[in-house]
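Participant: My questions all concern the structure below.
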Amino acid sequence: MSMSLLADRLAEFPTVGLCTLPTPLKPLKNLSCHLGGPMIWEKREDMTGHGMGGNKLRKLDRVLYQALEQGADTLVSGGVVQSNSQRQVAAAAAILGLECHLVVFHGRVAPPTAQYETSGNAFLNRLYGALLHDRPWSGDRNGPLATLANELRAKGKCPFIVPYGVSDPLGAVGYASAITEIAEQSNRLQFEPTAIIHCSGSGATQAGLSVGAQTALPNCQVVGIDIDAEPERVRADVVTYATGAAELLRLPFDAHLVEVVAGHAGPAYGVPHDATLDALRLSGRLEAMTLDPVYSAKGLAGLIALIKSGRWSKADNLVFLNTGGVPSLFAYVDALGI
Ligand SMILES: *Cc1c(COP(=O)(O)O)cnc(C)c1O
C-alpha cells in the first residue's frame, strides 16, 4: 500500500531514461560471515548505467528531464578533479547529445598521487567529450558555475546548471526510487531490511532514501556515513533536500529520523585513512567488490565499525548501498599500498 503510494508519486516525475533499473541486490556472504554479525546485502548503485555507473545517474535521470524541458543544449557542472558526479554529468551529456562544460576545482584535495590530476574520472571526463575549466577551490561550490553559465549564455548557448553533487530536491526525489526497488527486491528475497547504510556527502542520496523509506519501508533505518568530515553540514543538507523532496512527492517526512554518523571520514574529504584502506582491501579480497577510497570504502568502514559496536544482531539484514566511484580508485593506486 505505502509502497504503491511511493511508486505512484514517483511516476509523476518523468526520467530521461539514463539508468538501467532496478540495480541488483545481492548477498555479501563471505564478508557477512567474516564479520560474524548481521547479513549484509549489497545494492549495486555502481551499476546504474553507462559512464561507469554510480549514484549520480539516478538523480540525473530526473533532474535532466527538467533541463530538456527548459530547452537546454548545454550542461554546466562542477567538482573536484576526481569528482564522480562530474564524470556522470559528462556521460549523461554525451548520451543526451548535449554540450558539457565542467568547472574543475583544484586545491580542495592536495593531489595524493601523481596520477590524481589526469587518470580515473579526470580521464573519463575527457573521453566523454566534456570541456574542462580549471579553477582554484575557494569553498564556493556554485558561484563559479553561475559565472560560467552566464558566459555561455552570452555566447548564445542555453545552459542548465547541474547543482553540486546533483543534490537538490528533485535529485532527492530521484533517489527515493531506490527504495521502491529495495522494498520489492527484499520482499522477493524474503527478508526485511533493518537498515540501509551508505556514505553521505552532498546529501540528496540520503534525503531521497529517507523520504522513500519513511513511506515504503517504515521499519528500516537509513544511516548515512559522513565522508566529508563535516557531519553537521551533511545532516543539515540532507534535511533540506528531504524536506523539499517530501513536498514535491506530497509525502510525510520526519527530520528527527535523519541519522548521519561521524567519525569515519578520516582526516579530510578525499584522504583515505587506515580503516578506509582496510575496508577497501577486505571487500576486494572477500567479495571482489571494487570500492573507492573517497566514498564507498569510507561508507563500508563506517558500517564495519557499527557492526563491531554491536548495534545489530545476527538476525538482522542490512543493505549496504554501493554508490560507485570505481574510476577514482585508479587515481589513488600509489596511495593504496596494494
Ligand atoms: C557523490 C557520491 C556519494 C555521496 O552521495 P551524495 O548524494 O552526494 O551524498 C557517495 N558515493 C559516491 C561514489 C559518490 O560519488
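Any read-out appearing in this document is the output of simple, stated calculations on the displayed coordinates, not a laboratory observation. Everything numeric in this text was worked out from a predicted model, so none of it was measured. Glycine gets a Cβ as well: all are built from the backbone with ideal geometry, and neighbour counts include every protein chain shown.
Participant: Counting other beta carbons within 10 Å of each residue's own, what order do Thr215, Thr276 fall into, fewest first?
Facilitator: Result, fewest neighbours first: Thr215, Thr276.
Participant: With an 8 Å cut-off on Cα pairs and a minimum separation of 6 or more residues, tell me the relative contact order of segment 185-226 in percent.
Facilitator: 50 percent
Participant: Enumerate the helices in the chain for which the Kyte-Doolittle hydropathy averages -1.0 or more and the C-alpha atoms extend at least 20 Å along the helix's axis, using complete DSSP H runs.
Facilitator: Membrane-span-like by this criterion, though nothing is claimed about a membrane: 55-69, 169-188, 231-249.
Participant: Which pairs break 24 Å Cα to Cα here: Lys26/Lys56; Lys59/Lys298; Lys29/Lys59; Lys59/Lys308; Lys29/Lys314?
Facilitator: Lys29/Lys59; Lys59/Lys308
Participant: Just need the relative contact order of segment 12-104 here, percent rounded to a whole number, with Cα pairs under 8 Å and 6+ apart.
Facilitator: Relative contact order for segment 12-104 comes out at 27 percent.
Participant: Among Phe330, Phe160, Phe320, what is the fewest-to-most ranking by other Cβ atoms within 10 Å?
Facilitator: Result, fewest neighbours first: Phe330, Phe160, Phe320.
Participant: PRE reach from Leu127 (point 7 Å along Cα→Cβ): which of segment 59-73 fall under 19 Å by backbone N?
Facilitator: none
Participant: Could you pull out every one of the aspartates and glutamates with an alpha carbon less than 18 Å from that of Lys157, ignoring same-chain neighbours closer than 8 positions?
Facilitator: Counting by Cα, and skipping residues close in sequence, Lys157 has these aspartates and glutamates nearby: Glu69, Asp73, Glu99.
Participant: Now for a different question. Given contacts defined as C-alpha pairs under 8 Å and at least six residues apart, what's the relative contact order of segment 200-254, whole-number percent?
Facilitator: For segment 200-254, the relative contact order is 50 percent.
Participant: Can you give the net charge of the other residues whose Cβ lies under 14 Å from the Cβ of Tyr128, counting K and R as +1 and D and E as -1?
Facilitator: +2
Participant: Okay, next question. At 0.36 nm per residue, minus the direct Cα-Cα distance, what do His50 and Cys33 gain on full extension? Give it in nm, one decimal, please.
Facilitator: 2.9 nm
Participant: Counting other C-beta atoms within 10 Å, which of Glu69, Glu45, Glu181 has the fewest, and how do the rest follow?
Facilitator: Taking fewest neighbouring Cβ atoms as first place, the list is Glu69, Glu181, Glu45.
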